[in-house]
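As structure tokens, the structure follows; a few thoughts come after it.
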Amino acid sequence: MSESRGEVLVIGLGNPLMGDDGLGLAALDRLRTQWELPATVRLVDGGTWGMNLLPLLEDAEAVVLIDAIDAGRRPGELVLLERDEVPRFLGLKLSPHQIDLREVIALAAFRGRLPERLVVIGLQPERVELSAVLTPAVARHLGTVVTGVVSRLGDWGHRLLPSAAPSVA
């Protein structure tokens, strides 16, 4: 593990009104409420920002993207894409944000500003349709995504601690 000093972005992507597509934002909420983050880690609700993510991505030292990823696997199965794998997978339909995300990453790479440390962590969705809740298959594995993010941040030198349980009065 190497000690890191620059800002790391954890960007949750998705639309919480489209079922499993809300995975990225649900994971951000868990990180926000269940973990104490060092000042070097910034949580960003990327929603469906598309190209507006470019300046954030280019200015970060490292980036973790969280999203529902259609990789043709079983619903709820973990999908982990390392930096070099991302362009290859972006040729497939990964998520409803695939076109925007592909353009953002391609432009940052073209400009020589894509962070060396970039990972996409997500789950295979079961349903992406009008619904304000995750399917049971995806909800059951939400903790796996959060644990994966916490682990990767630790590998990069950013230690997260579980939040203290709220006191009962």
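The values are calculated or read from the model by the stated rules, or taken from the named source; none is laboratory data. None of these values were measured; they are calculated from a predicted model. Reconstructed Cβ throughout: ideal geometry from the backbone, glycine too, with neighbour counts over all protein chains shown.
Below, the figures for the structure above:
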{"item": "Filtered residues of the stretch 119-159 (kept if more than 16 Å from LEU81 (Cβ to Cβ), among the aliphatic types (A, V, I, L, M) and buried (at least 18 other Cβ atoms within 10 Å of the Cβ))", "result": "VAL128, LEU134, VAL138, VAL146, VAL150, LEU153"}
{"item": "Selection count, the stretch 14-51, where residues are β-branched (Val, Ile, Thr) and either within 11 Å of the chain's Cα centre (by Cα) or surrounded by 17 or more Cβ atoms within 10 Å (Cβ to Cβ) (or both)", "result": "3"}
{"item": "Qualifying positions in the stretch 25-69 - closer than 20 Å to ARG140 by Cα, in contact with a Ser or Thr (Cβ under 6 Å, 6 or more places away or on another chain) and not hydrophobic (A, V, I, L, M, F, W, C)", "result": "GLN34, ASP67"}
{"item": "Residue in the stretch 160-169 that is more than 15 Å from VAL63 (Cβ to Cβ), assigned to a helix (DSSP H, G or I), hydrophobic (A, V, I, L, M, F, W, C) and without any contact (Cβ under 8 Å) to a residue 60 or more places away in the chain present", "result": "no"}
{"item": "Verdict on HIS141 being of a type outside the set (A, V, I, L, M) and more than 30 Å from PRO55 (Cα to Cα)", "result": "yes"}
{"item": "Filter pass, LEU81 being modelled with pLDDT under 85, touching a strand residue (DSSP E or B) at 6+ places or on another chain (Cβ under 9 Å), within 21 Å of GLY47 (Cβ to Cβ) and surrounded by 14 or more Cβ atoms within 10 Å (Cβ to Cβ)", "result": "no"}
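Residues are listed down the side, and each one gets a yes or a no for (1) part of a loop (DSSP other than H, G, I, E, B); (2) of a type outside the set (A, V, I, L, M, F, W, C); (3) under 15 Å from LEU28 (Cα atoms):
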position: ALA109; (1), (2), (3): no, no, no
position: GLY112; (1), (2), (3): yes, yes, no
position: GLU126; (1), (2), (3): yes, yes, no
position: VAL150; (1), (2), (3): no, no, yes
